[in-house]
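A.B. asks: The structure is given below, and queries will be raised subsequently.
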Amino acid sequence: MSTGTETTAASEGLRGVVAAQSAIGDVDGIQGKLIYQGYDIHDLAENSTFEEVVYLLWNGKLPNQAELDEHVAQLKANYEAPAEVISLMKQYPKDSDPMDVLRTAVSSLDLYDPKGQGTDRESAVGAAVRITGQIGTIAAAWDRIRNGKDVVAPDKSLSIAENFLYMLRGERPDADEARMFDIALILHADHELNASTFTTRVVAGTLADMYGCVTAGIAALAGPLHGGANTNVMKMLIEIDDPAKIDEWVDNALANKKKIMGIGHAVYKTEDPRATWLRKFSKQMADRKGESQWFEMSQRIEQLMLEKKGMYPNVDFYSASTYYLMGIPLDLFTPIFAVSRISGWTGHILEQYANNKLIRPRAEYIGKRDQKYVPIGER
Ligand code: COA
């Protein structure tokens with residue numbers, strides 16, 4: 001019988017460890033398949049909207065028209081961030097990293113939500129609606145504030161995708177670009193127990209509130225091995241600059257054991273199905289802007305990494321050139337990831353609250369034992 005105290009050998013990075021049961025999403029790394037609540041990501045990207053996917057992740061089913069209308073109305077009613085939060089953001093140092101700003105500002109939303117501390121379904125969904133409605137407002141507002149521009153108030157007639165681009169630029173995107181961005185949000189919405197989602201579940205497991213869980217998720221997403229990779233892909237393309245230098249650059253990077261950002265995945269051993277869409281968008285944006293260099297460079301890197309390492313691009317690889325050609329600043333790529341992933345995080349947090357058990361694994365102890373305390377003067 002288990003005493004609950006035994007330890008077994010640690011799995012490095014918890015690879016292969018099943019740490020939770022979830023009905024939200026599943027990644028089949030061998031087949032290159034991703035599903036949300038049983039629906040294939042390609043089907044959702046083709047036919048759904050980000051708002052509908054948010055509903056699906058929170059409720060486990062697609063909404064009927066009345067349910068969708070109600071859900072969208074609630075999100076729209078929460079587009080506006082509290083004036084105090086925006087006002088405080090104006091005091092932040094202008095060179096602050098947008099992910100640090102997002103983490104700080106989203107955390108502070110808790111202070112303006114009287115019911116935000118509840119972990120019962122109704123309070124937690126209320127907080128999830130608020131954060132999902134406002135996270136894009138905050139990310140876009142920061143870019144305006146740091147550039148000394150007026151903050152653009154959200155427009156309730158727009159979708160989350162349209163609204164984000166509108167608040168960022170002060171101009172509405174055209175229908176094609178808005179749809180592309182909407183699909184990008186769908187593609188990033190959930191990815192099973194990735195590092196940030198696992199983080200949110202660990203925090204939820206303590207029955208900390210929704211804002212605390214999401215704040216921790218944003219912190220985890222910011223790392224360069226997770227959501228930070230998309231920005232680094234674009235930095236890499238800009239650094240290489242010349243398509244003629246790619247082969248040498250990649251050879252050098254591999255010889256120096258440097259990782260190529262946007263390539264490889266902890267679960268997918270074949271093409272990441274999200275990359276299939278983003279490759280298409282990168283090409284579409286290249287054609288729209290008449291600037292094919294970034295797409296072509298990406299393609300060559302993809303080809304080389306497949307030949308040399310048998311590795312495939314992940315979601316971050318082609319989102320980089322897609323967002324860049326949409327005119328989005330490099331350091332907003334990861335906040336955009338958060339604007340989408342908020343849906344998966346909140347879905348997982350709701351699922352964790354609904355059937356909670358404190359997450360408390362063991363460590364395999366590899367330190368010394370039987371050490372005797374030596375007074376400081378004798379060390
Ligand atoms: N470029 C070059 N080599 C890579 C690589 C990359 N992007 N990703 C992995 N490798 C190599 C590692 O150097 C390692 O080689 P070694 O066995 O000779 O030491 C081997 O492949 C295994 O790497 P590891 O990091 O242990 O694999 P993982 O499954 O844990 O890695 C990632 C998954 C995503 C962390 C890793 O592929 C990576 O860092 N990619 C770049 C960052 C990125 O795009 N992150 C976004 C993920 S969605």
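The values are calculated or read from the model by the stated rules, or taken from the named source; none is laboratory data. Here the structure is a predicted model, which is why all the values come from computation and not from measurement. Cβ atoms come from the backbone with ideal geometry, glycine included; neighbour counts cover every protein chain shown.
A.B. asks: Run Ile238 past the list (1) within 8 Å of the ligand (Cβ to nearest atom); (2) under 18 Å from Phe333 (Cα atoms) and report the number of the one that doesn't hold.
C.D. replies: Condition not satisfied by Ile238: (1).
A.B. asks: Exactly one condition in (1) closer than 20 Å to Ala128 by Cα; (2) touching a His at 6+ places or on another chain (Cβ under 7 Å) is false for Val27; which is it?
C.D. replies: Looking at each condition in turn, Val27 falls short on (1).
A.B. asks: Follow-up. Looking for something of a type in the set (A, V, I, L, M, F, W, C), touching a residue at least 12 places away in the same chain (Cβ under 8 Å) and touching a strand residue (DSSP E or B) at 6+ places or on another chain (Cβ under 8 Å) - is there at least one such residue anywhere in region 252-274?
C.D. replies: Yes, because at least one residue in region 252-274 is of a type in the set (A, V, I, L, M, F, W, C), touching a residue at least 12 places away in the same chain (Cβ under 8 Å) and touching a strand residue (DSSP E or B) at 6+ places or on another chain (Cβ under 8 Å).
A.B. asks: What do you reckon, is Glu162 modelled with pLDDT of 95 or more, of a type in the set (Asp, Glu) and assigned to a loop (DSSP other than H, G, I, E, B)? Walk me through it before giving the result.
C.D. replies: On the way: modelled with pLDDT of 95 or more: yes; of a type in the set (Asp, Glu): yes; assigned to a loop (DSSP other than H, G, I, E, B): no.
Taking the combined requirement at face value, the residue does not satisfy it.
A.B. asks: Looking at (1) under 19 Å from His226 (Cα atoms); (2) within 10 Å of the ligand (Cβ to nearest atom); (3) modelled with pLDDT of 95 or more; (4) not aliphatic (A, V, I, L, M), find the lone condition where Asp316 falls short.
C.D. replies: (3)
A.B. asks: Please go through region 99-114 and pick out each residue that is surrounded by fewer than 18 Cβ atoms within 10 Å (Cβ to Cβ), of a type outside the set (Ser, Thr, Tyr) and at pLDDT 95 or above.
C.D. replies: The answer is Asp100, Leu111.
A.B. asks: What number of residues in region 35-48 are under 20 Å from Leu350 (Cβ atoms) and either assigned to a loop (DSSP other than H, G, I, E, B) or hydrophobic (A, V, I, L, M, F, W, C) (or both)?
C.D. replies: Number of matching residues: 5.
A.B. asks: Residue check: is Thr197 among the β-branched types (Val, Ile, Thr), within 16 Å of the ligand (Cβ to nearest atom) and farther than 30 Å from Asn356 by Cβ?
C.D. replies: Considered against the rule, which asks whether it is among the β-branched types (Val, Ile, Thr), within 16 Å of the ligand (Cβ to nearest atom) and farther than 30 Å from Asn356 by Cβ, Thr197 comes out as no.
A.B. asks: Quick test of your reading of the structure: Ala175 fulfils all but one of (1) more than 14 Å from Tyr211 (Cα to Cα); (2) hydrophobic (A, V, I, L, M, F, W, C); (3) in contact with a helix residue (DSSP H, G or I) (Cβ under 8 Å, 6 or more places away or on another chain). Name the failing condition by number.
C.D. replies: Of everything listed in (1) more than 14 Å from Tyr211 (Cα to Cα); (2) hydrophobic (A, V, I, L, M, F, W, C); (3) in contact with a helix residue (DSSP H, G or I) (Cβ under 8 Å, 6 or more places away or on another chain), Ala175 misses just condition (3).
A.B. asks: Hey, can you tell me all the residues within region 189-237 that are over 30 Å from Glu291 (Cα atoms) and polar (S, T, N, Q)?
C.D. replies: Asn194, Ser196, Thr197, Thr199, Thr200, Thr206, Thr215
A.B. asks: Among the residues of region 203-224, is there at least one that is at positive phi and without any contact (Cβ under 8 Å) to a residue 12 or more places away in the chain?
C.D. replies: No, every residue in region 203-224 fails to be at positive phi and without any contact (Cβ under 8 Å) to a residue 12 or more places away in the chain.
A.B. asks: Take Pro329 and tell me if it is at pLDDT 95 or above and closer than 30 Å to Glu122 by Cβ. If you could, list the steps in order and put the result at the bottom.
C.D. replies: Numbers: at pLDDT 95 or above: yes; closer than 30 Å to Glu122 by Cβ: no.
No, not satisfied.
A.B. asks: How many of the residues making up region 238-257 are of a type in the set (Asp, Glu) and part of a helix (DSSP H, G or I)?
C.D. replies: Going through region 238-257 one residue at a time, the tally reaches 4.
A.B. asks: Now for a separate question. Any residue at all in region 128-140 that's surrounded by fewer than 21 Cβ atoms within 10 Å (Cβ to Cβ) and either in contact (Cβ under 8 Å) with a residue 24 or more places away in the chain or farther than 23 Å from Phe337 by Cβ (or both)?
C.D. replies: So far as region 128-140 goes, yes, one or more of its residues are surrounded by fewer than 21 Cβ atoms within 10 Å (Cβ to Cβ) and either in contact (Cβ under 8 Å) with a residue 24 or more places away in the chain or farther than 23 Å from Phe337 by Cβ (or both).
Residue-by-condition table, conditions (1) more than 19 Å from the chain's Cα centre (by Cα); (2) under 30 Å from Val267 (Cβ atoms); (3) loosely packed, with under 15 Cβ neighbours inside 10 Å:
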site	(1), (2), (3)
Glu12	yes, yes, yes
Gly25	no, yes, no
Gly38	yes, yes, yes
His42	no, yes, no
Phe50	no, yes, no
Leu57	no, yes, no
Gln65	yes, no, yes
Pro93	yes, no, yes
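A.B. asks: If you scan region 244-257, which residues turn out to be more than 8 Å from the ligand (Cβ to nearest atom) and either at positive phi or surrounded by fewer than 15 Cβ atoms within 10 Å (Cβ to Cβ) (or both)? Let's see the steps before the verdict.
C.D. replies: The initial filter retains those residues of region 244-257 that are more than 8 Å from the ligand (Cβ to nearest atom), namely 244-252, 255-256.
Ala244, Lys245, Asp247, Glu248, Asp251, Asn252, Ala255, Asn256, listed by residue number.
A.B. asks: If you don't mind, another one. Select from region 258-277 the residues that are closer than 18 Å to Gly25 by Cβ and modelled with pLDDT of 95 or more and write down the one among them that is nearest to the ligand (Cβ to nearest atom).
C.D. replies: Among those that are closer than 18 Å to Gly25 by Cβ and modelled with pLDDT of 95 or more, it is Asp272.
A.B. asks: Now for a different question. Output the residue which, of all residues in region 208-232 that are within 9 Å of the ligand (Cβ to nearest atom) and hydrophobic (A, V, I, L, M, F, W, C), is modelled with the highest pLDDT.
C.D. replies: The qualifying residue modelled with the highest pLDDT is Ala229.
So that you can scan it fast, the table gives a plain yes or no per residue for (1) touching a strand residue (DSSP E or B) at 6+ places or on another chain (Cβ under 7 Å); (2) in a helix (DSSP H, G or I); (3) within 19 Å of Gly347 (Cα to Cα):
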{"position": "Ile30", "(1), (2), (3)": "no, no, no"}
{"position": "Glu51", "(1), (2), (3)": "no, yes, yes"}
{"position": "Ala66", "(1), (2), (3)": "no, yes, no"}
{"position": "His71", "(1), (2), (3)": "no, yes, yes"}
